[in-house]
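Participant: Sharing a structure, written as structure tokens. Questions coming.
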Amino acid sequence: MSVRKVVLLSVCTFSAYQIHWFYRNWWAARLRTGARVNPLRRTLFFPVTCYSLFRRIRASAVDRSVESGFKPILSGLLCSVFALFWRLDETFWPTVLLTIVPLVAAQREINRIGQIVTPGIEPEDTYSNWEKLLVGAGGLAFVLALVGTIYVL
């Protein structure tokens, strides 16, 4: 999946898309390694389990000799802090979007691995009809919520 698609869907769904992203990647980790992990449980508790997923992604890159600066511990810490920070006060809701930063780093690492495993195949950057609807309606809702938050402050 392209980084642009991850960012756009995350922003337009107020970061709810990240739940889907974590589920897909935990499922892929389960299939790839044969590990007995429950993708749903790990997804629901992603602020706690994200580091473990990021570590698996990095290990997969190392196994394939992919060079990068991806830091699972930093990404896990940022993801956990940003996912929990906005819950302190409702005026902090825009900070939930900062959880996109570690996901972008992880998705870039996944895409680099993909280039090694399947050279010549570009990351998916097409949108289904449902995704187009989410981007349109969610984008509008996001802009209105952001304007409303700024207006209230």
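The values are calculated or read from the model by the stated rules, or taken from the named source; none is laboratory data. Quick caveat, the model's predicted, so the values are computed rather than measured. Using ideal geometry, Cβ is built from the backbone for each residue, glycine included, and neighbour counts are taken over all protein chains shown.
Participant: Could you grab me the full set of residues in segment 31-48 that are of a type outside the set (A, V, I, L, M), free of Cβ contacts under 8 Å to residues at least 24 places away in the same chain and touching a helix residue (DSSP H, G or I) at 6+ places or on another chain (Cβ under 6 Å)? Even if it seems obvious, please write down each step before you answer.
Facilitator: Going residue by residue through segment 31-48, those that are of a type outside the set (A, V, I, L, M) are 32-34, 36, 38-39, 41-43, 45-47.
With the extra rule that they be free of Cβ contacts under 8 Å to residues at least 24 places away in the same chain, the set shrinks to 33-34, 36, 38-39, 41-42, 45.
Passing the criteria: PRO39, ARG42.
Participant: Output the residues belonging to segment 125-153 that are acidic (Asp, Glu) and modelled with pLDDT under 90.
Facilitator: The first filter runs over segment 125-153 and keeps only residues acidic (Asp, Glu), leaving 125, 131.
Selection gives ASP125 alone.
Participant: Could you list, ordered by first residue, the pairs with Cβ atoms under 8 Å in which the first is in segment 78-89 and within 9 Å of PRO47 (Cα to Cα) and surrounded by fewer than 18 Cβ atoms within 10 Å (Cβ to Cβ) and the second is modelled with pLDDT of 70 or more and not hydroxyl-bearing (Ser, Thr, Tyr), at least 6 apart or interchain?
Facilitator: Once the first residue is within 9 Å of PRO47 (Cα to Cα) and surrounded by fewer than 18 Cβ atoms within 10 Å (Cβ to Cβ) and sits in segment 78-89, its partners that are modelled with pLDDT of 70 or more and not hydroxyl-bearing (Ser, Thr, Tyr) give LEU84/PRO47.
Participant: If you go through segment 123-133 one residue at a time, do you hit one that is crowded, with 16+ Cβ neighbours inside 10 Å and either touching a strand residue (DSSP E or B) at 6+ places or on another chain (Cβ under 8 Å) or not in a loop (DSSP other than H, G, I, E, B) (or both)? Explain how you work it out, then say what you get.
Facilitator: The first filter runs over segment 123-133 and keeps only residues crowded, with 16+ Cβ neighbours inside 10 Å, leaving 123, 131.
If we keep only those that are either touching a strand residue (DSSP E or B) at 6+ places or on another chain (Cβ under 8 Å) or not in a loop (DSSP other than H, G, I, E, B) (or both) too, we end up with 131.
Yes, segment 123-133 has at least one match.
Participant: Tell me, yes or no, whether segment 112-128 has at least one residue that is of a type in the set (Lys, Arg), more than 15 Å from ALA16 (Cβ to Cβ) and touching a residue at least 12 places away in the same chain (Cβ under 8 Å). Give the steps one after another, and end with the answer.
Facilitator: Quick first cut of segment 112-128, residues of a type in the set (Lys, Arg) only: 112.
If we keep only those that are more than 15 Å from ALA16 (Cβ to Cβ) as well, we get 112.
So of that shortlist, the ones also touching a residue at least 12 places away in the same chain (Cβ under 8 Å) come out as 112.
Yes, segment 112-128 has at least one match.
Participant: Is it the case that segment 101-110 has a residue that's outside any helix (DSSP H, G or I) and either under 30 Å from LEU146 (Cβ atoms) or in contact (Cβ under 8 Å) with a residue 12 or more places away in the chain (or both)? Steps first, answer last, please.
Facilitator: Of the residues in segment 101-110, the ones outside any helix (DSSP H, G or I) are none.
The answer is no, given that none of the residues of segment 101-110 is outside any helix (DSSP H, G or I) and either under 30 Å from LEU146 (Cβ atoms) or in contact (Cβ under 8 Å) with a residue 12 or more places away in the chain (or both).
Participant: Which one is modelled with the lowest pLDDT among residues in segment 26-63 that are among the basic types (Lys, Arg) and either part of a helix (DSSP H, G or I) or surrounded by 13 or more Cβ atoms within 10 Å (Cβ to Cβ) (or both)?
Facilitator: Let us first name the residues in segment 26-63 that are among the basic types (Lys, Arg), namely 30, 32, 36, 41-42, 55-56, 58.
So of that shortlist, the ones also either part of a helix (DSSP H, G or I) or surrounded by 13 or more Cβ atoms within 10 Å (Cβ to Cβ) (or both) come out as 30, 32, 41-42, 55-56, 58.
Numbers: ARG30: 93, ARG32: 88, ARG41: 95, ARG42: 95, ARG55: 95, ARG56: 95, ARG58: 95.
Result: ARG32.
Participant: If you go through segment 95-111 one residue at a time, do you hit one that is over 17 Å from the mean Cα position of the chain (by Cα), under 20 Å from VAL11 (Cα atoms) and not hydrophobic (A, V, I, L, M, F, W, C)? Write out each step before concluding.
Facilitator: From segment 95-111, those over 17 Å from the mean Cα position of the chain (by Cα) are none; that's our starting set.
Within segment 95-111, none of the residues are over 17 Å from the mean Cα position of the chain (by Cα), under 20 Å from VAL11 (Cα atoms) and not hydrophobic (A, V, I, L, M, F, W, C).
Participant: On the given criteria, is GLU90 acidic (Asp, Glu) and at pLDDT 95 or above? Working first, answer last.
Facilitator: Details: acidic (Asp, Glu): yes; at pLDDT 95 or above: no.
No, not satisfied.
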